Each structure stands twice: as structure tokens, then as C-alpha cells.
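The values are calculated or read from the model by the stated rules, or taken from the named source; none is laboratory data. Model, not experiment: these values are computed from the prediction. We place every Cβ from the backbone using ideal geometry, glycine too, and count neighbours over all the protein chains shown. The protein model used for the area step is the full one, side chains on, heavy atoms only, and it has no ligands, DNA or RNA in it. Shrake-Rupley method; radii C 1.70, N 1.55, O 1.52, S 1.80 Å.
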Amino acid sequence: RRLVLARWGKLYDTRICKRRDGLGKMRIYLQVMWKHREQKSFPLTKEQYDEQLDAVAELITEWGCADQVRSDIANCTKSPVMDTVGARAVMIGLDVQLNASMGPRGSEWFL
């Protein structure tokens, strides 16, 4: 939460997603979404937003990616944006293997 606010100046939503990279390999990404808490149309309550960010932070910590995410956010040159071209999230590829070693909840990500 503080990292996102410090880097982009807004409380953007974050999500974890699984998708194929440019080489067709399945990867897990942290998405910093274009929606933020200050928007009137933001779909989450403060409590839901806090729960969502806590869940994302917990997974990142469980997978051992916290230092990587801190570094990648601090050095990121892109910004989440919603413009006339469309909505674009910032995608941060996580250095984690899709397998059972991802922790107790890992199996839901490598199915």
C-alpha cells in the first residue's frame, strides 16, 4: 500500500494474475490496476480494498517475492492509466515457479 502510494501518488488497486508471457510461458504477475481509492466509481469499500491489498501482500510474501516487488515498484517507469486508448495496468512479473512449492495456497495458481 505504502509502496504504491509512494511510487504513483494514489492508492491503486493491486491484483495477482496468471497469464502467458511473450514466449508462451505461463507466469504470475502483480498488476497495479488503473482504478484507485480516490475515484468516486471505485468499486471497493475501504475495508474491501484493505482486505484485497493484504491478501496480495500475503501471497507475495509467502512466495518469497517481497524484495523483488519492492525493487520493481521503486524502479518502474510505467504508470497505471485509463485514457482514450483504454485501461492499462502496470504488470510486474513475479520470479516464482508455478508448482506445489508455492506454499499452502500455491496449488490454485498452477492448475
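Loop-located GluC sites (Glu not before Pro) in the stretch 19-67 (DSSP state other than H, G, I, E, B) with a sparse environment of at most 14 neighbouring Cβ atoms within 10 Å: 38.
Please check which bits of the stretch 9-40 a label hung off residue 97 would reach, taking the label as a point 7 Å along Cα-to-C-beta and the cut-off as backbone N under 20 Å. 18-21, 23-30, by backbone N distance to the label point. Take the stretch 1-45 with all the other protein chains still there, run a 1.4 Å probe, and you get 65 Å² of accessible area per residue. The loop-placed trypsin sites (Lys or Arg not before Pro) in the stretch 1-103, going by DSSP, that have at most 10 neighbouring Cβ atoms within 10 Å of their Cβ come out as 25, 40. Mean residue ellipticity, 222 nm, helices only, the chain: the sum of -39500 (n - 2.57) across DSSP H runs of n ≥ 4, divided by residue count and rounded to 500, is -9500 deg cm²/dmol. Comparing 80, 92, 26 along the charge dipole axis of the chain, the residue lying farthest to the positive side is 80, per the Cβ-charge model. Placing R0 at 25 angstrom, the Cβ-Cβ distance between residue 55 and residue 85 gives a FRET efficiency of 0.25 after rounding to 0.05.
Could you list, in their original order, any pairs among 40/78; 46/78; 10/35; 10/40; 25/78 whose Cα atoms are separated by more than 18 Å? Too far apart for the 18 Å limit: 40/78; 46/78; 25/78. As an exercise, take the mean of 1/r over every pair of distinct alpha carbons in the chain, invert it, and state the Kirkwood radius in angstroms. For the chain, inverting the mean 1/r across all distinct Cα pairs yields 14.8 Å.
Cα convex hull, the stretch 26-76: 108 Å³ per residue, rounded to a whole number.
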